[in-house]
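Below: one structure, written as structure tokens.
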Amino acid sequence: VQLQASGGGLVQAGGSLRLSCAASGRTFSLNTMGWFRQAPGKEREFVAAIRWSGLSTYYADSVKGRFTISRDNAKNTVYLQMDSLKPEDTAVYYCAADHAYRVVITTPGAYDYWGQGTLVTVSS
């Protein structure tokens, strides 16, 4: 499975961005896709995840109510709509995917496939 993330950029605080993650290859059996982020000097942290069925979504407390994860199965693409952005949202955002159903999906170790990352910078 190959993942291609896009949509990052520079935005002012309070603004919005939409990230996309296009999956290719053996996508038919994917179970979960997620977004993580990593700020300079910090560990990679969970942002949001969605089961490929689309029936369940999960969010970090820090983004709940501001970010929305969704998927378009026909396009094999997952989106992360980010609204009300804050300077502390500045980070490289990575999409991730896995075939297995895992109960814990908020850790990087739960995912076998990773995209290359896209930089989001929020200015104050």
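The values are calculated or read from the model by the stated rules, or taken from the named source; none is laboratory data. These numbers come from a predicted model, not from an experiment. Cβ atoms come from the backbone with ideal geometry, glycine included; neighbour counts cover every protein chain shown. Note: accessible area is taken over every heavy atom of the protein model, side chains too, but ligands, DNA and RNA are not part of it. Shrake-Rupley method; radii C 1.70, N 1.55, O 1.52, S 1.80 Å.
Suppose we look only past 15 Å in the calculated P(r) of segment 77-124. What percent of the Cα-Cα pairs does that tail hold?
In whole percent, the share of Cα-Cα pairs in segment 77-124 beyond 15 Å is 55.
Considering only protein heavy atoms and a probe of 1.4 Å, how much of the accessible area of segment 16-124 is carbon and sulfur, as a whole percent?
So the carbon and sulfur contribution to the accessible surface is 50 percent.
Solvent-accessible area of Lys75, probe 1.4 Å, all protein chains present, reported in Å² to the nearest ten, please.
130
Quick one: which residues, 5 or more positions from Leu85 or on another chain, have an amide H under 5 Å from its amide H? H modelled 1.01 Å from N in the peptide plane, none for Pro or chain starts.
Result for Leu85 returns Gly14, Gly15.
Give a residue-ordered list of calculated ³J(HN,Hα) values for segment 42-48 (Karplus: 6.51 cos²θ - 1.76 cosθ + 1.60, θ = phi - 60°; whole Hz; x for Gly, Pro).
Those phi angles translate into 10, 6, 5, 10, 5, 10, 7 Hz.
Accessible area per residue, 1.4 Å probe, Å², for the chain: what's the number?
Working: 6140 Å² over 124 residues.
On a per-residue basis, the chain sits at 50 Å².
How much length would be gained if the chain were fully extended between Thr57 and Glu88, taking 0.36 nm per residue of separation minus their Cα-Cα distance, in nm to one decimal?
Numbers: separation 31, 0.36 × 31 = 11.16 nm, distance 2.24 nm.
Difference between extended and current length: 8.9 nm.
Largest first, please: the extent of the C-alpha atoms of segment 1-46 along each principal axis, to the nearest Å.
Taking the Cα atoms of segment 1-46, the three principal extents are 37, 23, 14 Å.
Using the basic label-point model (7 angstrom from Cα toward the beta carbon), what is the Asp112 to Ala100 distance in nanometres?
Once both label points are built, they end up 0.9 nm from each other.
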